[in-house]
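Just below is one structure, and these are the notes that go with it.
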Amino acid sequence: MIVVIVCLGLSPAYFIYKLVRMNVGIDKNDDPYLDSRKYLTFFIVVTLALILVTVYVSIRCYRNFGIGLKEAISDYDSRKAQLKANRTLLDASRSRGDSGADAGALHRRSIHDEYTQVHERFSLE
């Protein structure tokens, strides 16, 4: 991973070198980039931006490696069981037609459960 980060970190130097070489010292009579200079410049700049974003993300991933994924996976079964119990309690309450303070608490719990469902859908299994 470190080798990839170092190579990605050094690649902007090459792209900047090519960008400068392509745009400085232009000979009007013998210009190999006459038709494509605008497009090459655009794509080099976009590539530089994407490389910098990739370096940033890879450094963050490297720094966070080994922190928390194991715990998140081990807690998944207990969270899933709690969600199922809350859903059963809410369904039972709705079938009885409960109202008042208990219904408000159950409504808040159901909103939290819906958030948890969406969150679990996008988490690793």
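We did not get these values from a lab; they are worked out from the coordinates using the rules stated. These numbers were taken from a predicted model, which means no experiment stands behind them. Here the Cβ is made from the backbone with ideal geometry for all residues, glycine too, and neighbour counts use every protein chain on show.
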Within the under-13-Å Cβ sphere about MET22, not counting MET22, Lys/Arg +1 and Asp/Glu -1 give a net charge of +1
Across the stretch 16-28, in residue order, what do the Karplus-derived ³J(HN,Hα) couplings come to in whole Hz, using 6.51 cos²θ - 1.76 cosθ + 1.60 with θ = phi - 60° and x for Gly and Pro?
5, 4, 5, 5, 5, 4, 6, 9, 10, x, 7, 9, 4
